[in-house]
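Notes to accompany the following structure.
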Amino acid sequence: MNLFELFSIFIGVALVNNFIFCQFLGLCPYIGVTERTSSAMGMGMAVIFVMTLSSIITWAIYEWVLVPYGITYLYIIAFILVIAAFVQLVEMFLQKSVPALYRALGIYLPLITTNCAVLGVATLNKQQLFGTPGSLIKCIVQGFGGGIGFTLAMLIMAGIRERLDFAEVPQSLRGIPIALITAGLTAIGFLGFAGLSF
Amino acid sequence: MVHADSEKTGHWKEFTKGIFTLNPIFVIVLGLCPALAVSVSISNALGMGAAATFVLLGSNIVIAALMRFLDRIFPPDLVAQVQKIRIPIYIVIIASFVTIVDLIMHGFAPALYARLGIYVPLIVVNCIILGRAEAFAATSGVIAAILDALGMGLGFTLALLLLSAVREIIGAGKCYGYLVFGAGYQPVLIMTLAPGALLTCGLFMGLFRHMKAKRGKHEPV
């Protein structure tokens, strides 16, 4: 494992295989909270935070609990419970000790439990990285990069949607349909990153 | 007699509402992520539709039965206590069924399993399943929950079929693996890539809304 490998994981998950535009993970918050740039930013920060930490936690659960006891087939149940409990814990901790951050993240934290990008990154880590040398560091990079890519997509979309409010969109396409079509056009742009494979 | 009749139409309604008026993908917009990701080909769509319907059916039955059972054996104040931790309970039940599907598919349909990839474990966080558990199964009888699950599952599968048919026919020139336009057809590759999914889904959603607006506003949204 070297620095270059980590860098290629980061670019791969943040741009080339962007969670929203290429893998369709986390579309619900993408559609739901991209009406204003500020809320998109809040959600993005919460996702970066939870994704990075949950990558570490699911790694620990998998390597230290599931593998030694030979129950790796229970990983789906274990991961979702750990993520749900972890999000709850983070919420309680922030509320008590960092109230400013808690107010900034606000309602976005509980929503993350059902964000498929978070479980998605844990599953991707399990399928691609677990068992390779230095897997913990790679998982952290993949989680962080995924969060960055997610935030990037959210911000791009929020910026476009704020302007879409003033556009004359046909009645039946207003709201979610036009948001999806816009996302499709943006995704064509993101296809260009496919050439960045190392 | 009148009562039985209305109950029958009630049951029929539980079944059919998922297909058009409350279609999970195009109308209530839940479960978009797997729908867009696996709708590359019709066979993928059928596999994902069947898997999600199975999980939805199992979790709806177990959750409805469990909640009715708790109502019966526990005093109301204890049931209210259990209600507070209902979401974790639902998630464990759903995750168990997803594990069953994951193992069965891995064992009996390895090719399909490889193509669906991470989207099989991700059925756990498919919003349709948790959404139906919370909005329907928790407060209704087992029979109604079964019909609701079948209708919603069918609606989800049909939406997937619609998306995947358009994408496969235009993007690969094939329909369920068979060439439709002949060998000279130049496939529109973009339709099988990620942008095609988003565009197709957005246009279909607009079409559904347009049809609904034309039919009049007496249908509940």
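Quick note: the coordinates plus some simple rules give every number you see, no bench work behind them. Remember, it's a predicted structure, so these values are computed and weren't measured experimentally. Cβ atoms come from the backbone with ideal geometry, glycine included; neighbour counts cover every protein chain shown.
So for each of A:133-145, B:54-66, B:119-131, B:97-109 I average, over its residues, the number of other beta carbons within 10 Å; can you give me the resulting order with the highest mean first?
Order by mean packing, descending: B:119-131, B:54-66, A:133-145, B:97-109.
What average number of partner chain Cβ atoms lie no more than 10 Å from the Cβ of the residues making up A:7-17?
Values: counts 0, 0, 0, 0, 0, 0, 0, 0, 0, 0, 1.
Counting Cβ atoms of other protein chains within 10 Å of each residue's Cβ and averaging gives 0.
Give the average, rounded to an integer, of partner chain Cβ atoms located within 10 angstrom of each Cβ in B:18-30.
So the per-residue partner count for this stretch is 1.
Using the alpha-carbon atoms, what tilt in degrees (0 to 90, nearest 10) does helix A:37-61 show relative to the longest principal axis of chain A?
Here the helix axis deviates by roughly 20 degrees.
Is the protein assembly as shown rounded, prolate or oblate when judged by the Cα gyration tensor, a ≥ b ≥ c being the square roots of its eigenvalues, rounded requiring a/c under 1.5 and prolate requiring a/b larger than b/c?
Because its axes are fairly even, with a/c under 1.5, the protein assembly as shown counts as rounded.
Which one of B:Met67, A:Ala40, B:Phe181 is farthest out on the positive end of the charge dipole of the protein assembly as shown, using unit charges on Cβ (Lys, Arg +1; Asp, Glu -1) and the Cα centre as origin?
The Cα lying farthest towards the positive end belongs to B:Phe181.
Taking Rh as the Kirkwood radius, which is the inverse of the mean 1/r over Cα pairs, what is the Rg/Rh value for chain A?
1.00
If you stretched the chain out fully between B:Phe20 and B:Ala135, how much longer would it get, using 0.36 nm times the residue separation minus the C-alpha to C-alpha distance?
Details: separation 115, 0.36 × 115 = 41.40 nm, distance 1.79 nm.
Answer, rounded to one decimal: 39.6 nm.
Taking just the alpha carbons, could you work out the radius of gyration and Dmax for the stretch B:90-221, both in angstroms?
Here Rg and the maximum Cα pair distance are 18.2, 56 Å.
Give me the count of lysine pairs in the protein assembly as shown whose alpha carbons sit under 26 angstrom apart, restricted to pairs 8 or more positions apart or on different chains.
Step by step, the pairs that qualify in the protein assembly as shown add up to 11.
By the scheme Lys and Arg +1, Asp and Glu -1, what is the net charge of all other residues having a beta-carbon under 15 Å from that of B:Gly117?
+1
Return the calculated 222 nm mean residue ellipticity for chain A, to the nearest 500 deg cm²/dmol, obtained by summing -39500 (n - 2.57) across DSSP H runs with n ≥ 4 and dividing by the residue count.
-22000 deg cm²/dmol
Could you pull out every whole DSSP H run in chain B that spans at least 24 Å of Cα extent along its own axis and averages -0.5 or higher on the Kyte-Doolittle scale?
Flagged H segments are B:42-73, B:86-108, B:142-172, B:194-214.
What's the angle, to the nearest 10 degrees (0 to 90), between helix A:75-97's Cα axis and the longest principal axis of chain A?
The angle comes out near 70 degrees.
Any idea how far apart B:Lys214 and A:Arg36 come out in nm if each label point goes 7 Å out from Cα toward Cβ?
That separation, rounded to one decimal, is 3.8 nm.
Given labels modelled 7 Å from the Cα in the Cβ direction, how far is it in nm from A:Ser97 to B:Val188?
The two pseudo-label positions are separated by 5.4 nm.
Given a Förster radius of 41 Å and the C-beta distance between A:Phe166 and A:Ala194 as r, what FRET efficiency does 1/(1 + (r/R0)^6) yield to the nearest 0.05? Before the final figure, lay out the partial values.
Working: r = 33 Å, r/R0 = 0.80.
Once the sixth-power term is evaluated, E becomes 0.80.
Quick check: the distance between the Cα centres of the stretch B:34-106 and the stretch A:69-139, to the nearest angstrom?
Each part's Cα centre sits 21 Å from the other's.
Report, in deg cm²/dmol and to the nearest 500, the calculated mean residue ellipticity at 222 nm for chain B, where each DSSP H run with n ≥ 4 adds -39500 (n - 2.57) and the sum is divided by the residue count.
Rounded to the nearest 500, the figure is -23500 deg cm²/dmol.
For the stretch B:1-91, what class follows from the C-alpha gyration tensor (a ≥ b ≥ c being the square roots of its eigenvalues): rounded when a/c is under 1.5, otherwise prolate if a/b is larger than b/c, else oblate?
It is oblate, given that a/c is not under 1.5 and a/b is not larger than b/c.
Using Cβ contacts closer than 10 Å as the measure, can you line up B:Phe26, B:Phe74, B:Phe136 from fewest to most?
B:Phe74, B:Phe136, B:Phe26
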